[in-house]
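First the structure, in the form of structure tokens, and then the observations on it.
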Amino acid sequence: MTSAKYKRVVLKLSGEALAGDQGFGINPAVIQSIAKQVKEIAEMQVEVAVVVGAGNIWRGKAGSEMGMDRANADYMGMLATVMNSLALQDSLENLGIQTRVQSSIEMRQVAEPYIRRKAIRHLEKGRVVIFAAGTGNPYFSTDTTAALRAAEIEADVILMAKNNVDGVYTADPSIDKTATKYESLSYLDVLKEGLGVMDSTASSLCMDNDISLIVFSIMEEGNIKRAVLGENIGTIVRGK
């Protein structure tokens, strides 16, 4: 068996990725496909943590723009990530993969509270850990959650799985047909060029802690495994 390049990874899934073509909610076929890909790398003895967004259900920023209190809107988004996390947990456990959902907002009936040392212990035992409810604080995105948790658990890399793009481009490829894809770049380039790979807080956190990021498409089956094996897919953003 080909050995993995990375031992411990944080997989960042956008909420939109779970919706698939339907654009809203959770598409059972899509989440089952993602679960199978996660199982594939977990069986390679890769320690897998997952951070899921909530854009398929609710966006705090959108609520704020409609006149809601920003903190309340963001808390609603955090609760939506818990729903997505439980759906992913169910799909993984149906495939025989042991999982734990850890929530930054305490809700013991459905998830463990987030405890760093406990999360690392779960990973060492081969369990997939799904981090829910963002950082537990408003004004922070799930991109920042992925960067923070990756730093805390000392992950080797963040795998950012996208549903609408296969890497980082010089401009939005759906608007600008002349946009070209980067094979690699630095976080400093991302911040200076305003490339929108992840928000500036998350980019700075990754840069300061030298955490690499691989941006790739989740829509092609097997891409998570390819990323873990170190194959040249998508775009790699390096800390230094």
Residue that is farthest from Val101 (Cα to Cα) [pool: residues in region 38-50 that are touching a Leu at 6+ places or on another chain (Cβ under 7 Å) and outside any helix (DSSP H, G or I)]: Glu47
Reported set for region 121-148 where residues are over 16 Å from Ser85 (Cα atoms) and buried (at least 24 other Cβ atoms within 10 Å of the Cβ) is Ala147
In the set Ala73, Ala54, which member is out of contact with any Asp or Glu (no Cβ under 6 Å at 6 or more places or on another chain) and in a helix (DSSP H, G or I)? Ala73
Within region 38-56, can you find the residues that are surrounded by fewer than 20 Cβ atoms within 10 Å (Cβ to Cβ) and touching a helix residue (DSSP H, G or I) at 6+ places or on another chain (Cβ under 8 Å)? Lys39, Glu40, Met44
Answer yes if at least one residue in region 135-154 is in a helix (DSSP H, G or I), closer than 25 Å to Gly23 by Cα and of a type outside the set (Ser, Thr, Tyr), and no otherwise. yes
Of the conditions (1) surrounded by fewer than 19 Cβ atoms within 10 Å (Cβ to Cβ); (2) at pLDDT 95 or above; (3) among the hydroxyl-bearing types (Ser, Thr, Tyr), Ser64 satisfies every one except a single condition; which number is it? (2)
Regarding region 162-173, can at least one residue be identified that is closer than 23 Å to Ile31 by Cβ and not in a loop (DSSP other than H, G, I, E, B)? yes
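Per-residue answers, yes or no, for (1) closer than 27 Å to Lys5 by Cβ; (2) in contact (Cβ under 8 Å) with a residue 12 or more places away in the chain:
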residue: Val50; (1), (2): yes, yes
residue: Arg59; (1), (2): no, yes
residue: Ala62; (1), (2): no, no
residue: Leu95; (1), (2): yes, yes
residue: Pro113; (1), (2): no, no
residue: Lys118; (1), (2): yes, yes
residue: Tyr139; (1), (2): no, yes
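Regarding region 107-120, can at least one residue be identified that is crowded, with 19+ Cβ neighbours inside 10 Å, farther than 28 Å from Val197 by Cα and touching a Leu at 6+ places or on another chain (Cβ under 8 Å)?
yes
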Could you please give the count of residues in region 4-37 that are outside any helix (DSSP H, G or I), in contact (Cβ under 8 Å) with a residue 60 or more places away in the chain and either surrounded by fewer than 17 Cβ atoms within 10 Å (Cβ to Cβ) or not aliphatic (A, V, I, L, M) (or both)? 6
Residues satisfying the stated conditions in region 160-172, i.e. of a type in the set (S, T, N, Q) and either at pLDDT 85 or above or touching a strand residue (DSSP E or B) at 6+ places or on another chain (Cβ under 6 Å) (or both): Thr170
Scan Gln89, Gln102 and give me the residue that is outside any helix (DSSP H, G or I), closer than 21 Å to Ile26 by Cα, of a type in the set (S, T, N, Q) and within 18 Å of the chain's Cα centre (by Cα). Gln102
Return a yes/no flag: does region 173-185 have any residue that is of a type in the set (A, V, I, L, M, F, W, C), surrounded by 16 or more Cβ atoms within 10 Å (Cβ to Cβ), under 25 Å from Val82 (Cβ atoms) and modelled with pLDDT under 95. no
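The values are calculated or read from the model by the stated rules, or taken from the named source; none is laboratory data. Predicted model, so just to flag it, every value in this text is computed and none were measured. Here the Cβ is made from the backbone with ideal geometry for all residues, glycine too, and neighbour counts use every protein chain on show.
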